[in-house]
Each structure stands twice: as structure tokens, then as C-alpha cells.
Amino acid sequence: MGMKYDQDQPIHLLELNLKINNIEKQLHVAPTTRLIDILREHLKMTGTKISCEIGRCGACAVHMDHKLVNSCLMLAYQVNNTSISTIEGIADVELHPIQKAFLEEGGYQCGYCTPGMIMAAKALLDTNSNPTEDEIKEALSGNLCRCTGYTGIIRSIQKAIAMIKKIDK
């Protein structure tokens with residue numbers, strides 16, 4: 001005989017401590033709650049999108065401790081005591097240059113993949129301030145877009161690079 005599953009058994013909640021966009025948060029969630037659900041349902045931060053839910057499209061991309069991750073694949077117990085940056089936290093007083101460039105260069109159509117694309121572009125530019133077109137394509141390889149054909153996205157990132165260089169001078 002196997003173990004009997006008791007539906008009345010209480011779920012033990014994890015005391016989850018996160019820094020989200022530089023703001024400390026404490027929640028009580030099941031240890032297997034996905035980060036995407038924590039963001040969208042528990043914290044009402046809906047900028048991060050849900051799409052494939054199996055880590056293949058990049059729509060849910062966020063930064064965890066300065067590394068790009070798909071939030072649909074990260075569980076609460078894995079993100080406890082980490083720092084998460086989302087699309088809502090990328091801008092300071094005004095739009096980030098990557099966001100401005102996407103608007104100016106038409107790097108989006110429906111906009112559904114855009115938050116994940118911007119987070120992937122930022123992860124790239126945080127580590128490589130002058131990437132080649134091939135390096136941009138490689139950095140975006142985990143992000144799918146069904147509308148643009150990527151030309152506008154790549155052009156947007158190249159413009160963002162130029163804009164950031166002007167700011168840094």
C-alpha cells in the first residue's frame with residue numbers, strides 16, 4: 001500500500017522574503033508557487049506576461065540577482081531571499097533608454113513580448129555595452145515574437161546602445 005493522500009492536510013506556507021524593484025516584500029505562499037504568479041496575482045504587478053508557461057517564449061523574463069530568468073520556471077522556494085527586477089522597475093524618473101528606443105523604432109506591435117524583450121536586452125547591455133548584431137540575436141534567442149519579425153527589435157536595441165553611449169559621455 002502506498003501513502004494515503006489526505007486532502008484536509010494543511011499546506012505549509014513559506015515565509016517568502018524578496019526584494020522586488022528595490023522594495024522589500026514579505027509574503028506567505030506555498031513553496032511551489034511560481035514567481036510569475038507571485039508577481040501577477042499576489043503583488044498585482046502585471047507587466048510581466050504569461051504565455052507558454054514552460055520557459056520557451058521569454059514573455060515572463062525578469063532579472064533575479066542580476067541574471068535573466070523565466071519567472072514561469074522559478075518557484076517560491078528558489079527565489080526566497082533574492083532580488084527581483086521586473087519591467088515595472090526598469091525606469092527611474094523617465095523611461096529607460098531601451099524603452100524609449102522600442103517606442104521610437106517600432107520594436108513592438110502587439111506588445112505582448114515587449115517586457116520580456118526589454119528585460120533580455122537590459123541583461124545583455126548590463127554585461128556588454130557594445131554588442132554586435134549577432135550578440136544581440138543570441139541574447140534574444142530565448143524570447144519569441146510572433147508579430148515583428150525581429151528587425152524592429154534589433155534596431156531598437158542598437159538605438160538604445162547609441163542612446164546609452166550619449167548618456168555615459
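The values are calculated or read from the model by the stated rules, or taken from the named source; none is laboratory data. Note that this is a predicted model, so its numbers are computed, not measured. Note: ideal-geometry Cβ built from the backbone for every residue, glycine included; neighbour counts use all protein chains shown. SASA here: full protein model, heavy atoms, side chains in, ligands and nucleic acids out. Shrake-Rupley method; radii C 1.70, N 1.55, O 1.52, S 1.80 Å.
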Using just the helices of the chain, give the 222 nm mean residue ellipticity in deg cm²/dmol: DSSP H runs with n ≥ 4 each add -39,500 (n - 2.57), and the total is spread over all residues, rounded to 500. -9000 deg cm²/dmol
Accessible surface, per residue, of the chain when the full set of protein chains is kept, probe 1.4 Å, Å²: 59 Å²
Students sometimes get this wrong: rank ARG146, ARG56, ARG40 by accessible area, probe 1.4 Å, all chains present, largest first. ARG146, ARG56, ARG40
Is there a quick way to get the dipole size of the chain? I mean about its Cα centre, with the Cβ of Lys and Arg at +1 and of Asp and Glu at -1; what is the value in debye to the nearest 20? 320 debye
I'd like the Kirkwood hydrodynamic radius of the stretch 1-140, using the inverse of the mean 1/r over distinct C-alpha pairs, in Å. 16.3 Å
Simple label model, 7 Å out from Cα along Cβ direction - CYS110 to LYS25, nm: 2.5 nm
Residue-level accessible surface for ILE153, protein heavy atoms, 1.4 Å, Å²: 0 Å²
For the pair ALA91 and ILE11, the simple spin-label estimate (label points 7 Å beyond Cα toward Cβ) gives in nm 3.4 nm
If unit charges are put on Cβ atoms (+1 for Lys and Arg, -1 for Asp and Glu) and the dipole of the chain is taken about its Cα centre, the option from CYS145, CYS60, ILE84 lying farthest towards the positive end turns out to be CYS145
So, taking all protein chains as they sit and a 1.4 Å probe, how much accessible area belongs to GLU88, in Å² rounded to tens? 80 Å²
Pseudo-spin-label distance LYS44 to MET163, built 7 Å along Cα→Cβ, given in nm, is 2.9 nm
